[in-house]
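*Asks:* If you scroll down you'll find the structure; I have some questions about it.
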Amino acid sequence: MESLLNELKNRLYEVADFEHAASVLSWDMATYMPQGGAPRRGRSISTMSRLRHERFTDKAIGHLLDQLEPLVAGLPYDDDNAALVRRTRKEYDKAVKVPSELVGRVSSHISGLYDAWTRARPANDFASLAPMLEKELDLYREVSDCFPGYKHVNDPHIDGEDAGFTVETIRAVFSKLRSELVPIVQAIAEKADPSDDAPIRQLFPISGQEAFGLRVSRDYGYDFQRGRQDLTHHPFATRFAHGDVRITTRYKEQYLGDGLFGTLHESGHAMYEQGIAAALDGTPLGHGTSNGVHESQSRTWENIVGRSLPFWEHYYPALQETFPDALKDVPLERFYLAINAVKPSLIRVDADEVTYNLHVMIRFDLEADLMDGTLSVRDLPEVWQTRYDSDLGVTAPDDRDGVLQDVHWYDGIIGYFQGYTLGNIMSAQFYNAALAAHPYLPDHFRQGKFDTLHTWLKENIYQHGGKYTADELLARITGSSLDTAPWIQYIRTKYGALYGI
Ligand code: ZN
């Protein structure tokens, strides 16, 4: 068995090398590449993606899995090798259904579309992107057709991000959550003042924002010997290898929230990837297990920790020292309200914790409708406005803050939105389990100590990488399945106190 496993791993390492190359090329494209590099870069990324797919779908890997499956059958379920064979089989069986040539075409189109988006957004020019978006949707439908038998055409893409979920099952989760959430949003709206967030909408010099964000990120436990932060249009985290997990961010001089909470969010993603056992690197187990679990980690460090009062009892004096002009006369309690101000807004990534999931629900529905053809690309900007008006009561002045606001649909990130809300829900479930094990966590945050939580997350979630599914992790850690109640309870408690409701 040993030699078969070694052969499988060596082949998987080679697959990971192509993935590594494609990821570095994409990261560079999103950070430092001059605009003139775009056409050729698109081709290079496409070639790497196609070659990766060819190597992974090589019949030899299928044959090795056939031979290994009976041999690992007697091993415990959580044995690394048993898990490797199990997860590789799942991904292999999906990958072989999609021709490598199609993978290359998708990748090539996406690079061009991403490049076009970086120019179309500042120019408020959705019309120039529309034909490329249509073509992208065609390509993604073509991928879906490699998985005959789906109920909704977006199901195969959702399954790729959050295995086991479909448009139908996600809508059931969303509708329950919405029914509990909307009354809270309405109750807060009666108490909220539009100027609640004014203290963080002042001048915050970017050098100070950068230094402060990096300091917290280090304190959290993001290891900069194995990581770094750079600037981009739309923040993300990316893993090249166990020893190289990077984040990106962006800053607005007149708004503290974007850069600071963006950095904390991406640090959460990166710490998850850095915490995966080194032995799993370069295999299908060497990544976070699902989009939802990943978001649960970024949202934990961004919100549950980073927007909590104990956290700011520790950091606020230092923040005031960094930005004396803006904050010296703003008391802690006022600042705490500002970073948690509930205010229906146009931009998802800037949304407060309470209304954030309403953005996700809109995007999830619009994307499903685009994919199944109920909604045409031509009508998208108008339907977008209608949904934002009816669900959040806001209207974007133009497409920059509307349909062009984020990179998702222009970067091939299809089948993805549900993960944000699943992540919020799971973040509360996991955090409650951490709190049960360490009831004094908030006191540690108050002292600027994060290793208790970080260690607990590493032991219970990070180290396992892709070994357990999201459902298995929930069952192991919380003894239950996906449950909206802890998150709703978290929101009720926190915002009940903030807004007196
Ligand atoms: Zn994220």
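*Asks:* Under 12 Å from the Cβ of ALA130, count the other residues' Cβ atoms, weight Lys and Arg +1, Asp and Glu -1, and hand me the total.
*Replies:* Summing Lys and Arg as +1 and Asp and Glu as -1 gives -3.
*Asks:* Give me the extension gain from ASP79 to ALA497: residue separation times 0.36 nm, minus the current Cα-Cα distance, reported in nm with one decimal.
*Replies:* So the extension gain works out to 145.9 nm.
*Asks:* Taking R0 as 41 Å, what FRET efficiency do you get between ASP372 and ASN124 from their Cβ-Cβ distance, rounded to the nearest 0.05?
*Replies:* With a Förster radius of 41 Å, E is 0.90.
*Asks:* Where in the chain lies the longest segment free of chymotrypsin sites (Phe, Trp or Tyr not before Pro) that are both loop residues by DSSP (not H, G, I, E, B) and have at most 15 other Cβ atoms within 10 Å?
*Replies:* Values: sites that count: TYR32, TYR77, TYR440.
In short, 78-439.
*Asks:* Restricting to Cα pairs below 8 Å that are 6+ residues apart, what does the relative contact order work out to for the chain? Please round to a whole percent. Please list the in-between numbers first.
*Replies:* Values: 697 pairs, mean separation 95.0, N = 501.
Here the relative contact order equals 19 percent.
*Asks:* As a test question: what accessible area, to the nearest 10 Å², does VAL72 have when a 1.4 Å probe is rolled over all protein chains in place?
*Replies:* Approximately 10 Å² of VAL72 is accessible to the 1.4 Å probe.
*Asks:* Now for a separate question. Could you tell me what percent of the DSSP beta bridges with both partners in the chain are antiparallel, to the nearest 5?
*Replies:* Bridges in the chain that DSSP calls antiparallel: roughly 60 percent.
*Asks:* First measure r as the distance between the Cβ atoms of ARG226 and LEU332, then evaluate 1/(1 + (r/R0)^6) with R0 = 30 Å and state the FRET efficiency to the nearest 0.05.
*Replies:* So the FRET efficiency works out to roughly 0.35.
*Asks:* Using 0.36 nm per residue, how much length does the chain from GLU54 to GLU472 gain when fully extended, once their Cα-Cα distance is taken away?
*Replies:* My answer for the length gained is 147.4 nm.
*Asks:* If I stretch the segment between LEU203 and GLU180 completely, what's the gain in nm (0.36 nm per residue apart, minus their alpha carbon distance), one decimal? The partial results should precede the final answer.
*Replies:* Numbers: separation 23, 0.36 × 23 = 8.28 nm, distance 3.67 nm.
Result for the pair: 4.6 nm of gain on full extension.
*Asks:* Treating the beta-carbon of each Lys and Arg as +1 and of each Asp and Glu as -1, no other charges, what is the dipole magnitude of region 2-148 about its Cα centre, to the nearest 20 debye?
*Replies:* My answer is approximately 460 debye.
*Asks:* Simple spin-label model, 7 Å along Cα-to-Cβ: LEU482 to GLU91 in nm?
*Replies:* In this crude spin-label approximation the distance works out to 2.1 nm.
*Asks:* Still on this structure, I have one more. Which value at 222 nm does the chain reach when only helices count, each DSSP H run of 4 or more adding -39,500 (n - 2.57), with the total divided by all residues and rounded to the nearest 500 deg cm²/dmol? Don't skip to the answer; put the middle values down first.
*Replies:* On the way: 21 runs with 317 residues, N = 501.
After summing the helix terms and dividing by the residues of the chain, the value is -20500 deg cm²/dmol.
*Asks:* A further question follows. Taking a threshold of 26 Å on the Cα-Cα distance, which of the pairs LYS94/LYS135; LYS176/LYS343; LYS328/LYS458; LYS449/LYS494 fall above it?
*Replies:* On the way: LYS94/LYS135 23 Å; LYS176/LYS343 22 Å; LYS328/LYS458 37 Å; LYS449/LYS494 21 Å.
Over 26 Å apart, Cα to Cα: LYS328/LYS458.
*Asks:* With Cβ to Cβ distances under 14 Å as the rule, what net charge do the other residues near ARG40 carry (K, R +1; D, E -1)? It would help to have the intermediate numbers written out before the result.
*Replies:* Values: positive: ARG41, ARG43; negative: ASP28, ASP115.
For residues surrounding ARG40, the net value is 0.
*Asks:* So how much accessible area does THR169 have, in Å² to the nearest 10, using a 1.4 Å probe?
*Replies:* My reading of the accessible area for THR169 is about 60 Å².
The values are calculated or read from the model by the stated rules, or taken from the named source; none is laboratory data. Quick caveat, the model's predicted, so the values are computed rather than measured. Backbone-built Cβ (ideal geometry, glycine too); neighbour counts: all protein chains shown. Note: accessible area is taken over every heavy atom of the protein model, side chains too, but ligands, DNA and RNA are not part of it. Shrake-Rupley method; radii C 1.70, N 1.55, O 1.52, S 1.80 Å.
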